[in-house]
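Notes follow the structure.
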Amino acid sequence: MEFVDVTREESVALVTLNRPPVNAMTEDFARELKKAFSDCTDPAIRAVVVTGQPHFAAGADIKGFQATFDAGVEERSAWTLQEAIGILESLEKPTIAAVHGYALGGGLELAMGADFRFLADDARVGQPEILLGLIPGAGGTQRLARIVGYQRAKEMVLTGRQVDSEEALQIGLADQVLPSAELLNATLEAAREWATKATRAIAAAKKALNAGFGLPVSEGLFIERDAFNESFGSEDAREGVAAFIAKREADFKGR
């Protein structure tokens, strides 16, 4: 692919955004992300890291917006990027975004599709679309509120304000903040550890959390029941129980 590189290290996939200088997003870029994340559904992959350097992704390619205006078109969809992020969010394995530099607009929307966000200490994130007379179009108004809370998300979206890594950590938008030079190695090490866990149980837990969030508890409990049964029927569950009884470390295979 031209804009996205996917490499494998045993059971960990590294998805690297590669559209210099700032990984500005286009429709073609989004299509490649969609393919990359679809490829990560391979059961042999048990954890995924998404990154880009020197900037994770500084948002959409604004020149593309101007071309749309010049063509007399009054509508523009971010549906392909939405689809790509949806695939990332629904992967049945842990996912981590390693964020260097800027993650703005579509870049932050992409990072929010991951289960966890590890930020470099010099990272800056935000949804600045309002400053262009636009709003987030690939999930920013929805996922940001779910992560940081409705009122804080409203303030960030309506002002377009960027937040630094420390504030991102304080409001729950970052899970860890690390020195920039150490970020990728630390993220990969965390992914390697996640790849040894009970992948089927993680998939079931993600399904219950994602599908049940915002529903009445009575409805969420039905989703949790079905997800529990999925995990209970896995080989990992048998191994986990056997290891507990034998007082040994479990050797999960992700099955």
Pair list, Cβ < 8 Å and 6+ apart or interchain, from segment 81-106 residues that are farther than 20 Å from Glu129 by Cα and not assigned by TED's automatic domain parsing to the domain that holds Leu132 to residues that are outside any loop (DSSP other than H, G, I, E, B) and among the acidic types (Asp, Glu): none
Filtered residues of segment 161-179 (kept if surrounded by fewer than 19 Cβ atoms within 10 Å (Cβ to Cβ) and among the small types (Gly, Ala, Ser)): Gly172
Residue list for segment 18-28, filter: closer than 27 Å to Ala195 by Cβ and out of contact with any Leu (no Cβ under 8 Å at 6 or more places or on another chain): Asn18
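Can you name every residue in segment 171-211 that is in a loop (DSSP other than H, G, I, E, B) and farther than 16 Å from Gly113 by Cα?
Matches in segment 171-211: Ile171, Pro179, Ala195, Thr196, Lys197, Ala198.
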Residue ID - nearest to Gly126 (Cα to Cα), chosen from residues in segment 85-106 that are part of a loop (DSSP other than H, G, I, E, B) and not aliphatic (A, V, I, L, M): Gly105
Close pairs (7 angstrom Cβ cut-off, 6 or more residues apart or separate chains): farther than 21 Å from Lys253 by Cα in segment 200-213, surrounded by 20 or more Cβ atoms within 10 Å (Cβ to Cβ) anywhere: Ala208/Ala227
Segment 215-249: number of residues that are surrounded by fewer than 16 Cβ atoms within 10 Å (Cβ to Cβ) and not in a helix (DSSP H, G or I): 6
Residue list for segment 6-34, restricted to those being loosely packed, with under 14 Cβ neighbours inside 10 Å and in a strand (DSSP E or B): Thr7, Arg8, Glu9
Selection count, segment 128-144, where residues are closer than 21 Å to Ile87 by Cα and either part of a loop (DSSP other than H, G, I, E, B) or more than 16 Å from the chain's Cα centre (by Cα) (or both): 4
Flag if Ile147 is in a loop (DSSP other than H, G, I, E, B), out of contact with any strand residue (DSSP E or B) (no Cβ under 8 Å at 6 or more places or on another chain) and hydrophobic (A, V, I, L, M, F, W, C): no
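Within segment 145-168, count every residue that is over 19 Å from Val99 (Cβ atoms) and more than 19 Å from the chain's Cα centre (by Cα).
6
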Checking Arg46 against (1) at pLDDT below 95; (2) among the basic types (Lys, Arg); (3) under 23 Å from Ala205 (Cβ atoms), the condition it does not meet: (1)
Filter result for Ala153 (in contact with a Leu (Cβ under 7 Å, 6 or more places away or on another chain), in a helix (DSSP H, G or I) and either of a type outside the set (A, V, I, L, M) or farther than 26 Å from Asp42 by Cα (or both)): yes
Selection count where residues are out of contact with any Ser or Thr (no Cβ under 8 Å at 6 or more places or on another chain) and hydrophobic (A, V, I, L, M, F, W, C), scope segment 148-177: 8
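The values are calculated or read from the model by the stated rules, or taken from the named source; none is laboratory data. In this text the structure is predicted, and so the values were computed from the model without any measurement. A quick note on method: Cβ atoms are made from the backbone with ideal geometry, for glycine too, and the neighbour counts reach across all protein chains shown.
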